[in-house]
1. Considering only Cys595, Ile629, Phe17, whose Cα is most displaced toward the positive end of the charge dipole of the chain, charges sitting on Cβ of Lys, Arg (+1) and Asp, Glu (-1)?
2. Work through the residues other than Asp504 whose Cβ is under 11 Å from its Cβ and net out their charges, Lys, Arg +1 and Asp, Glu -1.
3. Work out how much length Phe31 to Val159 would gain on full extension: take 0.36 nm times their residue separation and subtract the Cα-Cα distance, in nm to one decimal.
4. State the volume of the convex hull built on the alpha-carbon positions of the range 388-478, expressed per residue in Å³ and rounded to an integer.
5. Go ahead and run the numbers for FRET between Asp282 and Val70, Cβ-Cβ distance against an R0 of 35 Å, rounding to 0.05.
6. Can you grab the distance from the C-alpha centre of the range 32-84 to the C-alpha centre of the range 275-328, Å, no decimals?
7. Take the Cα pairs of the range 597-660, get the Kirkwood Rh, then feed it into Stokes-Einstein at 4 °C and 1.567 mPa s and tell me D in µm²/s.
8. Which values of log₁₀ I(q)/I(0), to two decimal places, follow from the Debye formula for the range 516-636 at q = 0.12, 0.14 Å⁻¹ with a uniform point scatterer at every Cα?
Amino acid sequence: MKLKLAPYRLVLFYFCFFFADLLLSELTVRFFTLGFMAGFPGYVILFSISIAFIFATICSALKPKARKIVSFVISSLAFIIYAVQLVYHRFCDAFMSIAQIGMGGAALTTFGAAAFLKTLESLGGLILLILPIIALIILTKKGKPTGEKTSFKLLLINVVLFFALHFGVVLCLPIVGTHIYSPFDIYHDTFVLEKSIKNFGILSTLRLEIRTIFFGSSESELIILPPVTTESDSSQTSENSQTSEITESTEPYQTEEISPEEKYGLNQSDIDFAKLAASSVDEDIKLLHTYFDTIQPTNKNEYTGMFEGYNLILINCESFSHHVIDEERTPMLYKMMTEGFIFTDYYNTICDNTSNGEYALLTGLIPDTSLLGKGWKTFYNYNSSTASKENLLPFCLGNQFESIGVDAYAIHNHTASYYGRNKTHPNMGYEFIAFKQGLKVVDTYPTSDVSMMEQALPMLLEPNENGEIEQFHAYFLTFSGHMPYSFSEEYNDIAAKNAPLVADLSYSNKVRAYVACQLELEFAVEYLVEQLEAAGVLDKTLIALTNDHYPYPLGVELLGELAEEELDPHFDKYRSKFLLWSPSIKEPIIVDEPCCSLDMLPTLSNLMGIEYESRLLAGRDIFSDAEPIAILADRSFVTEKVFYNCESDEVILRDGIEELPEGYIENLQIIVKNHFTASEEILYKDYYRLLYEE
């Protein structure tokens, strides 16, 4: 009996084509984004084999005409998926979650020019990605492939082989271990987009995202650690070497050793989590209650209420970097950086997305950057802020000030509806002011931060019927620092406007254009301080300033050019400054311990003397004696002992540290993972409402 080889040749042809297509595409994106040092892509290759095999099975089961059409469709869709990730990574220095598709139209409308420039910059990689489509066209014109469609029997065999190949790879995942952030853990439990793409590739990660959107996931569970007991040492309460002198009197120095808890009290409410856990019938909620019952609340301290009764102005600066601050070029920002609180080891939790940066800053919680495992109904909530727009958020500064009868405003010099801020920010307690919603539209791109201040400050500083300016809280989200960084008025009006002021700088054009954009922030802050002083309220105002994310359009290399030093490609993306200044601070207050943007909410609440529940936040009051840790978006972290790079699993000991306690890294990995999981559970279960309303 003669064996018919044609069907096998057909499957083999398409398998070889699609495998070559996927492998070339995966390696191209990997090289242009992660570089050659990303590690051997073993699982990427293995998963590409099974994916190529199912594509080959589909094509070989069709008639010749349909086969050609479907093969072109598959290859074209693959090109689009890989090309989008390549350009997006060039745009944001990060990969794109499928949930962000919901922002696609608005992003192209607003940032189309920048996207076009990034597409041109990605041309080399895009040419490589389109080569398989060109090859398929050439092969088709030459009459290949040939053969009859696969028989039903062979089709069944191929399907069985596909499942064997695919699940064979899945079964191999535990080979390198099942520890936290291992390929096994990433695949089954702790999904991290960047690590998934690094381990499994673009298409396999997309499949995992789609699977969890439609079918949910085995949600990452909180890991309850035993309570940690530490020896009380009152000398540690002043560990930061902080000294302060403000216009109001402070308590005299206490020589008697009293713990901070005994002296100042704790930042906690009367919630009995143990009792709630015992009465809960929902296992997920029970676990949350149990988890929060194990968290030690932070202590109040000598800085609690230091600025009670002050106005609070919080400025979230688009793509700002502290490396732009210069004593002569940016005197106001320099004054704030050197004469107020000086945070020497501050990190921005988020490095690549404004909305997620806002969420971390304004809620003290870690955003869910993937929105996975929450079902298709939340798919269109393309970020954590929009997903929280109907949640109870009692600890947001807007709601906290509202609770004590102080008006709170959020002002942004851009479209009100972008990122859904017209819904999210009012839910945080703010009267939201933006274009066509209190601000006149300014016909430049990006828009001027000075113009925002000029329009908004008269509203904030308007005296009441008694001629007094009432206490207020204002949150400003700037926009002048937005890309693209070019002196062409076609792309960036602010850079073109301030070009003469940076003409003598020795940086490259892109870096000089970036500095020109950030000068507009300097002018806006100068104007703000002048108006506060003219209104007679500057001495009773605390100004906090940080960035939403690092200037990813520059990348670490060009940022290093601005810093005039070689930067760490990982941690220096997150390293930033938290400027906290008031003229009532008479001497600089040095804070040396690591901290991050998650810490700003509880720290500001403590300084303003506003009560809050410290156990329910991922951040901590920087001035408390809680263990300092800066948590980063990719689950890396910085402590007083180490830099831990989650992407590479690298542990870097800090100067003066020779060895770590046993289990130190593993314990912190669990703590950080718990913060991520608890933040997601608070978001998606509207946990605060459950606690405070029900």
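1. Phe17
2. Here the count lands on +2.
3. 42.9 nm
4. Hull volume normalised by residue count: 95 Å³.
5. 0.15
6. Going from one Cα centre to the other spans 45 Å.
7. Translational diffusion coefficient: 98 µm²/s.
8. -0.60, -0.81
Rule-based calculations on the coordinates, nothing more; no lab input. Here the structure is a predicted model, which is why all the values come from computation and not from measurement. Here Cβ is always computed from backbone atoms with ideal geometry, including for glycine, and neighbour counts include all displayed protein chains.
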